[in-house]
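For reference, the structure is listed below as structure tokens.
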């Protein structure tokens, strides 16, 4: 066991600056209006740095810097861009602990996860897109003996990216890596709840990127995000967040006729067929862990398996074991490597989760575990901690239908295959799902019948770069990860070329 | 009796007076989805385009705010919410998409209770 020293204390592997400005055109610049806002850590609730409060003037400046850099960056050889991405990955790897502790302090998540998942996944993501861009090919279509259609991938130009607070560095990477690989310049707005860790990342990688290719404007959604989404100088907006903001971003994008990619959340079903309990073996243990995955990242994951569907024949046994498993989740100081669940990212998130636990109880759902805030003493007393909570109820209840974005799972039972699929698909969303079965046929059929973009089959919460991620239904538009993501940051140039000396014959 | 689907706490009324002074007429749209979702978003009236896929839950009247504040939700989401009464409250916090209150260091929040049979009769 290791407990990392808190940033600001002696021996910490990371030191935050006392203030962060905007990163525009390769340098830090103060906000046009000179305003800053305080950034607390959810671990203790105390402020640890202050952040530039961006406005439309700052966004204009960043878009201008990106526009100035985009043409040259877009013309670089794929090998050159790949080399930059690989260097970014190497620098992150050399600073793994620093980035992991910064991310934990920023977001409240356990350092156990940032060390093993967030930062290693981000590193691999840069490497993946470094490889993908070098391997990408255009197309050639032979129209007739003398005519050829050449299809080239060209960058869009300047793209706007609005990053969520649940994985501040990893979600920024999901958007940055393909955009940069494809040859775009970026204006990125971090979430106002978690604006600082991206600057720790920049302190490690900024020197590797040509000035103006990556620009970071901090600030609030309404003051900085909105002018970015509306800016006539950007050629695409990528957003991860909630449905109403997603609709608003589409509305703004329609004003400039630009594409959007949206990832808007889910209410992912995690289905356990009866045969998972046919033996008390390694696979059963894995399935039990799969149930407990709702607590990963404090449940603040768009694909949180927040609805568990358990077949009636094994319900009592499986849930008995599952509740015991949840009881073993260790909650505490996020900087302790033994801690499995840390703090919710902000006070309002904490309050929202408690309001959902309240309506769950009012609707008659039974609390099988948790159901309260967690009172941690000492320095953590001011942080935002909630007990891992298991509800038993009915799929029509609001806790089964709305994204709570907390460590809360709502469990119901099903009788047969058709019943399971019907309940799984009875949701507005379709981002993730889990299927657990020892029978390959059942698992395959269920995976194909569930209306969701990612169906984890006998696993959950794995995010390899080479697997497409994105939503069906109201969960969004487009995909992230996988080389197909390059298409979302490129447009097609077709050269239609005639090699014939003869007139076409019209005039 | 009169019944409504949505109401405000005193703290929310006070904040709406302030936002109305700064931004003019206001509206709410209840968001689903992740991150800052499952929360009411406050915009200048007309900023968010509502349409056939939305339900108008009601108009809030606030002393000191000249125009009623319309509250909307997507119709699909309303199907799962229609048995509950909503009270818009305010908590300290940060971040709420493009909602107007975030720079104030606060955030609108929905508190819910089940509608009574009598209320449901009046509302349907």
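The C-alpha atoms of chain B define a longest principal axis, and helix B:10-23 lies at about 50 degrees to it. Taking each DSSP H run with n ≥ 4 as -39500 (n - 2.57) and averaging over every residue of chain A yields -10500 deg cm²/dmol at 222 nm.
Between residue B:21 and residue A:449, the C-beta separation translates, for a Förster distance of 51 Å, into a calculated FRET efficiency of about 0.45.
The order of A:493, A:267, going from fewest to most other C-beta atoms within 10 Å of their C-beta, is A:493, A:267. Put a dot 7 Å past the Cα of residue A:141, heading toward its Cβ, do the same for residue A:47, and the two dots end up 5.9 nm apart. With a cut-off of 20 Å on the backbone N, the residues of the stretch A:322-344 near the modelled label site 7 Å out from residue A:361 along Cα-Cβ are A:327, A:344.
Every Cα-Cα pair in the protein assembly as shown was counted, and those over 45 Å apart are 18% of them. Sorting the segments B:98-111, A:16-29 by their mean number of nearby beta carbons within 10 angstrom, highest to lowest, gives B:98-111, A:16-29.
The distance linking the stretch B:90-124 with the stretch A:119-184 is 40 Å (Cα centroid to Cα centroid, whole angstrom).
Would you mind putting A:58-67, B:71-80 in packing order, based on average other-beta-carbon counts within 10 Å, highest first?
Working: A:58-67: 23.6, B:71-80: 19.0.
Averaged packing, sorted descending, gives the order A:58-67, B:71-80.
Separation of the stretch B:1-73 and the stretch A:47-86, taken as the distance between their Cα centroids, equals 36 angstrom. Working from label points 7 Å from Cα in the Cα-to-Cβ sense, the residue B:2 to residue A:3 distance is 5.7 nm.
Counting other Cβ atoms within 10 Å as a rough exposure proxy, the listed residues A:99, B:114 run B:114, A:99 from fewest neighbours to most. Report the calculated FRET efficiency for residue A:372 and residue B:113 (r = Cβ-Cβ distance, R0 = 25 Å), to the nearest 0.05. Rounded to the nearest 0.05, the efficiency is 0.85. Averaged over peptide A:233-244, the number of partner chain Cβ atoms lying within 10 Å of each residue's Cβ comes to 5. Note on residue B:63 and residue A:484: their simple-model spin labels are 5.8 nm apart, each label 7 Å out from Cα toward Cβ.
For the segment B:102-110, counting C-beta atoms of other chains within 10 Å of every residue's C-beta and taking the mean gives 5.
For residue A:93 and residue A:281 in the same chain, what is the full-extension length gain: residue separation times 0.36 nm, less their Cα-Cα distance, in nm? Could the numbers behind the result be given before it?
Details: separation 188, 0.36 × 188 = 67.68 nm, distance 3.60 nm.
Length gained between residue A:93 and residue A:281: 64.1 nm.
Rounded to the nearest 0.05, the FRET efficiency derived from the C-beta distance between residue A:457 and residue B:78 at R0 = 30 Å is 0.35.
Any idea what angle helix A:168-181 forms with the longest principal axis of chain A, computed on alpha-carbon atoms, 0 to 90 degrees, nearest 10? With both axes taken from Cα atoms, the answer is about 30 degrees.
What order do you get for A:429, A:150, A:499, A:417 when you list them from fewest to most C-beta neighbours inside 10 Å?
Working: A:429 28, A:150 13, A:499 8, A:417 16.
So the residues, fewest neighbours to most, are A:499, A:150, A:417, A:429.
Shielding value for A:349-356 is 6, the average number of Cβ atoms from other chains within 10 Å of each residue's Cβ. Compute the long axis of helix A:315-327 from its Cα atoms, compare it with the longest principal axis of the Cα atoms of chain A, and write down the angle in degrees, 0 to 90, nearest 10. It is inclined by approximately 80 degrees.
Only the coordinates and a few stated rules stand behind these numbers; no lab work does. Being a predicted model, the structure only gives us computed values, none of them experimental. Virtual Cβ from ideal backbone geometry, glycine too; neighbours counted across all protein chains shown.
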